[in-house]
Amino acid sequence: MLFATAYDGDWDAYIDDFATKIPDFLDIIDSAWDGWPGIRSPEAKDYLAKYQVTAEGWYVANDLTVAETRRLARVGKALEEFLDKIS
Amino acid sequence: MTTEPQATTKSGQDETVEQQIQQLRELFADAPDIGKQALENVIPELTSQVSQPRYQVESAGRVGVRLGEVSELTMIFPFAPGGAQRLRAFLKVLGGNLDGANKVGSLHDMRFVFLENDTKLLFCTAFDGEWDPYIDDFATKIPDYLDILDCALEGWPGIRSPEAKDYLASHQITAEGWYVSNPDLTVAEITRLKRLGKAFDELLDKISD
């Protein structure tokens, strides 16, 4: 199975984010793999890291985090509503 | 029978969400305990997610799937003799940074990964809209870069060849699962919002001066 993601920041914090927010969904998906120790196991990160292959080339369109993109989407919406009101 | 289209399976059989979850439970009876317990833990959440998805997975056109505006593309190619060495050298000159692809306005992100002792290349991207215009966008904006990269692949006919799209499509594998954090936002819209946000911040700075 191939699993690829684009995420913000550093590896450890990202895996912790997955493990904290959706541990059960992670275990449903990952228990399909041979030898998955469970996301609550101290071996989970070593297991994941062992199967990762670093890309030789990488491109991203914008230098924005997910949080910043969402904030901008809200600002854009608020501005449009404001312009609608004053017109 | 159900009236909710999202409650039916991919094959079009009329099954309720409850029936689908029940089938999943039966299949997971043989799963490792970790998976079995995890499934039980999320049954209520899963039921509501499947019943009321925020977005439907749709076709991205010729191959691949799309959520909202954003589509996935996953391709695996065999390298031509010497191809892996050439491609690695080219990517090394760029420091692995493919920022030159920003001419392709429909491209969110893109990666090149060498697999199985440099015998295969994995190429994945997230892009806006439909498959055909996206490939056209690449072919129009950066044809030479595409040929430098893709001539590492076995049988690459060249981006100007009428066979180029068939070649690419034949190596694509559609994802079985896809997630996008902001499915409504194209690259163009994100870029516009970024400018707007910057202008708005500057305006607020001026007012407060």
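A few remarks follow.
- Percent of alpha-carbon pairs separated by more than 17 Å within segment B:112-188: 54
- Within a Gaussian network of chain B (alpha carbon springs, distance under 10 Å), most fluctuating of B:27, B:115, B:149: B:27
- Residues considered: B:95, B:105, B:68. Largest GNM mean-square fluctuation over chain B, using C-alpha springs under 10 Å, is found at B:95.
- Calculated on alpha-carbon atoms, Rg and Dmax of chain A in Å: 18.6, 62
- Area accessible to solvent at residue B:178, 1.4 Å probe radius, in Å²: 70
- Here the Gaussian network model covers chain B, with springs between Cα atoms less than 10 Å apart; of B:109, B:99, B:132, B:99 fluctuates the most.
- Scanning residues 5 or more positions from residue B:185 or on other chains, those with amide H under 5 Å from its amide H are B:69, with H placed 1.01 Å from N in the peptide plane.
- Across the protein chains, with a 1.4 Å probe defining accessible surface, the residues A:59, B:55 rank B:55, A:59 from largest area downward.
- Counted over all Cα-Cα pairs of segment B:56-101, pairs farther apart than 18 Å make up 56 percent.
- Taking every alpha-carbon pair in the protein assembly as shown and binning the separations at 5 Å intervals from zero gives 1, 4, 9, 12, 14, 15, 14, 12, 9, 6, 2, 1, 0, 0 percent.
- Accessible area of residue B:77 in the full protein assembly, 1.4 Å probe (Å², nearest 10): 10
- Estimated Rh, segment B:68-129: Kirkwood, alpha-carbon pairs, angstrom: 12.7
- For the peptide A:28-38, the mean number of other protein chain Cβ atoms found within 10 angstrom of a residue's Cβ is 4.
- Full extension of the chain segment joining residue B:89 with residue B:19 gains 19.9 nm, where the gain is 0.36 nm per residue of separation less the Cα-Cα distance.
- Per-residue HN-Hα couplings for segment B:180-194 [Karplus 6.51, -1.76, 1.60; θ = phi - 60°; Hz; x = Gly/Pro]: 9, 6, 10, x, 7, 9, 7, 4, 4, 5, 5, 5, 5, 4, 5
- Accessible surface ranking for B:33, B:144, 1.4 angstrom probe, highest first: B:33, B:144.
- Taking every residue in B:83-89 and counting other chain Cβ atoms within 10 Å of its Cβ, the average works out to 1.
- Spherically averaged projected area of chain B from its Cα convex hull (nm²): 18.0
- In this structure residue A:65 has an accessible area near 60 Å², from a 1.4 Å probe over the protein heavy atoms.
The values are calculated or read from the model by the stated rules, or taken from the named source; none is laboratory data. Just so you know, these numbers come straight off a predicted model, no measurement behind them. Neighbour counts are summed over all protein chains in view; Cβ atoms, including those assigned to glycine, are modelled from backbone coordinates with ideal geometry. Note: accessible area is taken over every heavy atom of the protein model, side chains too, but ligands, DNA and RNA are not part of it. Shrake-Rupley method; radii C 1.70, N 1.55, O 1.52, S 1.80 Å.
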